[in-house]
1. Relative to the longest principal axis of the chain, what angle (0 to 90°, nearest 10) does the C-alpha long axis of helix 248-259 take?
2. Specify the angular offset, from 0 to 90 degrees and rounded to the nearest 10, of the alpha carbon long axis of helix 410-421 from the longest principal axis of the alpha carbons in the chain.
3. Please work out the Cα center distance from the range 440-456 to the range 138-210, rounded to the nearest Å.
4. Before rounding to the nearest 500, sum -39500 (n - 2.57) across all DSSP H runs of length at least 4 in the chain and divide by the residue total; then give [θ] at 222 nm in deg cm²/dmol.
5. Need one number: % antiparallel among DSSP beta bridges in the chain, to the nearest 5.
6. How do 296-304, 16-24, 414-422 rank on mean C-beta neighbours within 10 Å, highest first?
7. If you line up the long axis of helix 442-460 against the longest principal axis of the chain, both from Cα atoms, how many degrees apart are they, to the nearest 10?
8. Which whole-number percent is the relative contact order of the chain (Cα, under 8 Å, 6+ apart)?
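What follows is calculated from the coordinates using simple rules that are stated; it is not laboratory data. Just so it is clear, the model here is predicted, and its values are computed rather than measured. Every residue, glycine as well, gets a Cβ built from its backbone with ideal geometry; the counts of neighbours run over all protein chains shown.
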Ligand SMILES: Cc1ncc(COP(=O)(O)O)c(C=O)c1O
């Protein structure tokens, strides 16, 4: 029984040995990166927390690597180490770093044509909207600078259209810094997600929450009749990858329709499933699609798309001010530079053909990691979603966000991150996600498999 064997081996991971290995890897990390360490130490005077954005403090090793340059699937730190990048800006660089067509489009718009922020539309915008319709289905698109804003504005429109006050999300989802989404199912029911900073109101006032893959709970919560919209990733990707069970997403669509509740597919990460994300790959029919991060090749941009009937209703809703100060807006949203970058990325980089290559690389990555897990009988699993894959420290893939949260292991996370980065491979921090871009090579994948295998062997070596 491989599972039982695996569980026994898992139980035998020696935590003291793991702690010693982490100490060794921390020392190696500090020794290899004196310039990054010094830059971080010097930055505390005027940067909040010593970093441009506070989550950058969370990189394992006590300080982040400082970037010198990044091209394709590689980046170089200021100590001169070249890294194979499977983090890819946690999807912001799914097109690869600075792909040539985006470089050209950005340089052209900013330096040759001129004008990044003029409050005037450019003709690229309609091209991008048509391509997003081709990929994802919704017919009418609007632009933002981030996926967070795409979600925030989509939620506002949904509340306006339905005249209902609440939204529904899934426990341990992440949709950016959207106030309503910081809620989890605790042992006593819904509660504010631990660490929720300065919440405007208790999120249980604005939001219902259920576990992913739990249809009975969804049906029960929708029955209250106060949910404007369900905001979901078709597969959870921010608490490991939690895939929908067969028939689940179709049932979600039926239940939401029956309840008069709208459905948003947040494709920001699940875009990895193919050129039109999970929505197209799995033939889904949401009312609204939101997306951000990767669609402009790393230049800030996001978008939300509405089904035709919703677009018509919101444009003719006389009580909705969607043009002036009604709560949906952003001076720089849809700016000429972002839109030019989106067009270049969608037209020339994240093409249908590119996804075929990226997904076959992720197949290879997943097979390699699975081989290491199985040959060492580790009680871990790996889940793939198109061009992305993530391993998790439990024998079977979790069915819910709560189950996946319970499998978190911060010590193993830190060990594996430091082990790989010290040997030239950068993984996504805060979880064990790897993403392929068009510039990733099979040899990059094989290098990771070899290093991952060596990390597992050192972990299991008898004292
Ligand atoms: C599914 C999903 N939606 C939205 C966001 C928010 O993206 P951003 O922080 O770029 O606004 C994230 C960020 O990780 C995400 O994973």
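1. 30
2. 80
3. Value for the Cα centre distance between the two parts: 37 Å.
4. -12000 deg cm²/dmol, from helical runs alone.
5. On the way: 30 of 46 bridges.
About 65 percent, rounded to the nearest 5.
6. Values: 296-304: 25.9, 16-24: 14.4, 414-422: 23.0.
My ranking of the peptides, most packed first, is 296-304, 414-422, 16-24.
7. Between helix and principal axis, roughly 60 degrees.
8. Working: 877 pairs, mean separation 109.8, N = 463.
About 24 percent, as a whole number.
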